[in-house]
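Structure first, commentary second.
The values are calculated or read from the model by the stated rules, or taken from the named source; none is laboratory data. Just so it is clear, the model here is predicted, and its values are computed rather than measured. Here Cβ is always computed from backbone atoms with ideal geometry, including for glycine, and neighbour counts include all displayed protein chains. With ligands, DNA and RNA removed, areas are computed over all heavy atoms of the protein, side chains included. Shrake-Rupley method; radii C 1.70, N 1.55, O 1.52, S 1.80 Å.
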Amino acid sequence: EKGGFDWFMLKEIAEQPRAIADTLLGRTDGQGKLVLDEVRLTDQDLRDVDKIFVVACGTAYHAGLIAKYAIEHWTRIPVEVEVASEFRYRDPVLDRSTLVVVISQSGETMDTLMALRHAKDQKARVLAICNANGSTIPRESDAVLYTHAGPEVAVASTKGFLTQLVACYLVGLFLAQIRGIKYEDEVAAVVAELHRLPEAVAQVLEQMEPVRELGRSMAEADRMLFLGRHVSFPVALEGALKLKELAYIHAEGFAAGELKHGPIAVVDEGTPVVVVVPPRARDLLHGKVVSNIQEVRARGARTIVIAEEGDEDVVPYADHVIRVPRTPTLLAPVVTTVPLQVLACEIADSRGFDVDQPRNLAKSVTVE
Ligand code: F6R
């Protein structure tokens, strides 16, 4: 049932190209337009949206953080992202023109469910992004966009996460299309790029042997830092979460620009620091992140750098470079997350832990 893989998690990582393709299937028309008839909110409802909340827990929350960059850019609608357990207890400002997007792989997470009920009580429209057909969260939502990842068995979410990202992009582009605003040309271009993602992820997966080897060399690490900026910041958070939950190594993700405001103090000789570098097309940020790599290296960090093909600027400061194909910036998390999944899985395995069933964790958290 693990299809020749040592762990369900590795099998599910390998299924990601297929999962992404299935999540896109039938949702675009070949001319770069989105066809989301299944989202049963009227065009008028969607045109009236003046504020979006994305609400979720854990890995799904990280998908929401990335969604914010994309949805705000394409639609110019303000987006707030919040963990469900905080959202529901703080009296957020909600009304009829608020769209609340809840993201949940299992569709049964209690905190997310309670947040959605609260949003509905306040008359907000609720759209669920969910993987489990017919589960409670989509049943109670006004509309649902299913991710077609297929069942996720490993406790740590992998294909669930990548397909949540794809679904978030679809929601953002769909809103942009309906509202007919200035990024219309860009919508068609991005839709074409979305269809290239399965191949891009497959390419990353083909190059995972050195990453697994690297993981095996890191079994003794006692802490790790993950750095990124812009959409790579939530990717850094996700990399750190995966490592904590699977390998029981204390890890933190930071916005690289925050380094000097505190975190750099913990870097010393040999501290592994993973840096997710933005595409070179984003000149300003790219240069700044390269300087950040230099800064941590100067304090003795062992630098593991995830950078796009052909980015030679990072080479002088990287102890290890992991290559990913070029993608548009907003879509980059789909490819840059994959090596972090593999790394966490391999480190946990080499420390002798059960990758699929980490201690203290359950696949779906149906209590608060
Ligand atoms: C981490 C992980 C959890 C879940 C979170 C939400 O790998 O799997 O952080 O993402 O418990 O679960 P769902 O998406 O089922 O609501």
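Considering amide H positions built from the backbone, and no H for Pro or chain starts, which residues 5 or more places from Val126, or on another chain, come under 5 Å of its amide H?
Val100, Asp142, Ala143
When we measure straight from the Cα of Lys288, which aspartates and glutamates land under 18 angstrom away, once same-chain ones fewer than 8 places off are left out?
The qualifying aspartates and glutamates are Glu258, Glu308, Asp311, Glu312, Asp313.
When the chain is modelled as a GNM with alpha-carbon springs shorter than 10 Å, which of Tyr89, Tyr146, Tyr69 fluctuates the most?
Maximum among the listed residues: Tyr89.
Report the extension gain between Lys120 and Asp50 in nm, rounded to one decimal, defined as 0.36 nm multiplied by the number of residues separating them, less their alpha carbon distance.
Extra length available between Lys120 and Asp50 comes to 23.6 nm.
Could you tell me how many degrees, from 0 to 90 and to the nearest 10, lie between the Cα long axis of helix 110-121 and the main elongation axis, the longest principal axis, of the Cα atoms of the chain?
That helix lies at roughly 30 degrees to the long axis.
To test your reading of the geometry: what angle, between 0 and 90 degrees and rounded to tens, separates the Cα axis of helix 184-206 from the longest principal axis of the chain?
Result, in degrees: 40.
5 Å is the cut-off here: which amide hydrogens, built 1.01 Å from N in the peptide plane, fall below it relative to Ala156, excluding neighbours closer than 5 in sequence?
none
Any idea how far the Cα center of segment 36-56 sits from the one of segment 282-323, in Å?
So the separation of the two Cα centres works out to 39 Å.
Taking θ = phi - 60°, what integer Hz values does the Karplus form 6.51 cos²θ - 1.76 cosθ + 1.60 yield along segment 72-86, in sequence order, with x for Gly and Pro?
5, 5, 7, 10, 6, 8, x, 10, 10, 10, 8, 6, 4, 5, 8
Search the structure for amide H atoms under 5 Å from the amide H of Phe254, placed 1.01 Å from N in the peptide plane, and list their residues when 5 or more places away or on another chain.
When sequence neighbours closer than 5 places are left aside, the close amide H contacts are Phe226, Leu227, Gly228.
Nearest 10 degrees is fine. How inclined is helix 232-247 to the longest principal axis of the chain, computing both from alpha carbons?
Value to nearest ten degrees: 70.
If you roll a 1.4 Å probe over the heavy atoms of the protein chains, what accessible area per residue do you get for the chain, in Å²?
Accessible area per residue, the chain: 40 Å².
With r defined as the distance between the Cβ atoms of Ala265 and Val93 and R0 fixed at 41 Å, what FRET efficiency is calculated, to the nearest 0.05?
0.65
Hey, what do the phi angles of segment 295-301 turn into as Karplus ³J(HN,Hα) couplings, whole Hz, using 6.51/-1.76/1.60 and θ = phi - 60°, x for Gly and Pro?
Values per residue, Gly and Pro as x: 5, 6, 4, 4, 9, x, 4 Hz.
Ordered by residue, what ³J(HN,Hα) values in Hz, to whole numbers, does segment 143-155 give under the Karplus form 6.51 cos²θ - 1.76 cosθ + 1.60, where θ = phi - 60° and Gly and Pro are x?
Each residue of segment 143-155 in turn: 8, 9, 10, 7, 8, 9, 6, x, x, 9, 9, 4, 4 Hz.
Roll a 1.4 angstrom probe over the protein heavy atoms and tell me the percent of accessible area of segment 1-89 that is carbon or sulfur.
Looking at segment 1-89 in its full context, I get 48 percent from C and S.
For the ranges 278-291, 45-58, 155-168, what's the packing order if you count other beta-carbon atoms within 10 Å of each residue, average per peptide, and put the highest first?
Ranking, from highest mean packing down: 155-168, 45-58, 278-291.
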